[in-house]
């Protein structure tokens, strides 16, 4: 029964790739079910031609592409319009993840996903799905004081926008390792009136050292303690991490609480797509 809950929870999962990682995969169907939603990370310095080419490869192979639009590296409305046009006309893209991005300072007019939304260009282009970032453990980048006031205010604004746009919206979160903090956060935003569905970020199987490095880079908060505790156990240090525990706990919670607002799982394949594919097949 428990494995059924997990299988249900993992159904219709999404995953993320970089153009470099995508170049190493000849056929995504070897690892993923056809139609899987594949996000395309846009790392600072990556030419738009590379991410558009990745999007085309994804759609041509029968999958759904969702490129990142990092606000801070998009200089102005003309550049944003050009990106949208390239994705639509060259790769048939109808979906976008809007984020502030990793750049320390804006290159131009845009500093946040709200700025991108307010441009009106995604609605004009009739994008079907617009996803935004979620931060179950807060974000030091958005709230340097350690609170969640700015994150909460931004999420409330986006929730109001979701009622005006024709696009379907979802909150795709940073990866987490602690189910209790995820459940607490998800319930708290629902209680505050946020009714956008949540796609919870999960780190795929990887070496513990890899996870710790990414966690520190991405500012994952309380969850790091779980990894650090695991790292102290020398018997576990040598074994690859698998997200079995957090997946099991969230799946069981959802089975007992059908109205739970976490609707899907989004994998960050920090150890590779093949490893995520093998993990999912265990259930």
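Coordinate-derived values only; no laboratory data. As the structure is a computational prediction, the values presented were derived from the model and not from experiment. Here the Cβ positions follow ideal geometry from the backbone for every residue, glycine too, while neighbour counts run over all protein chains shown.
Working note: 222 nm ellipticity from helices only, DSSP H runs with n ≥ 4, each -39,500 (n - 2.57), summed and divided by the residues of the chain, gives -13000 deg cm²/dmol to the nearest 500. Normalised by the number of residues in region 1-89, the average gap of Cα pairs under 8 Å and 6 or more apart makes the relative contact order 27 percent.
Compute the length gained on full extension between residue 29 and residue 111: take 0.36 nm times their separation in residues and subtract their Cα-Cα distance, giving the result in nm to one decimal. Intermediate results must be reported in sequence, preceding the final value.
Details: separation 82, 0.36 × 82 = 29.52 nm, distance 3.63 nm.
Gain in length upon complete extension: 25.9 nm.
The residues 266, 68, when put in order of fewest to most other Cβ atoms within 10 Å, stand as 68, 266. The listed peptides 104-111, 86-93, ordered by packing as a protection proxy, come out as 86-93, 104-111 (highest mean of other Cβ atoms within 10 Å first).
Please tell me the relative contact order of region 1-155 in percent, rounded to the nearest whole number, where contacts are Cα pairs under 8 Å and at least six residues apart. Intermediate results must be reported in sequence, preceding the final value.
On the way: 221 pairs, mean separation 27.8, N = 155.
Once normalised by length, the contact order is 18 percent.
Considering only DSSP beta bridges whose two residues both sit in the chain, what percent are antiparallel, to the nearest 5? That works out to approximately 5 percent antiparallel. Principal semi-axes of the equivalent ellipsoid, √(5λ) from the alpha carbon gyration tensor of region 1-99, are 27, 15, 12 Å from largest down. Label separation (residue 3 vs residue 129): 2.8 nm, computed from points 7 Å beyond Cα along the C-beta direction.
The Cα center of region 108-125 and the Cα center of region 1-55 differ in position by 24 Å. Taking 0.36 nm per residue of separation and subtracting the current Cα-Cα distance, fully stretching the chain between residue 81 and residue 153 would add 23.2 nm.
Exposure proxy shown here: for 185, 157, the number of other Cβ atoms within 10 Å sets the order, fewest to most, as 157, 185.
Projecting label points 7 angstrom from Cα along Cα→Cβ for residue 88 and residue 103 puts them 2.3 nm apart.
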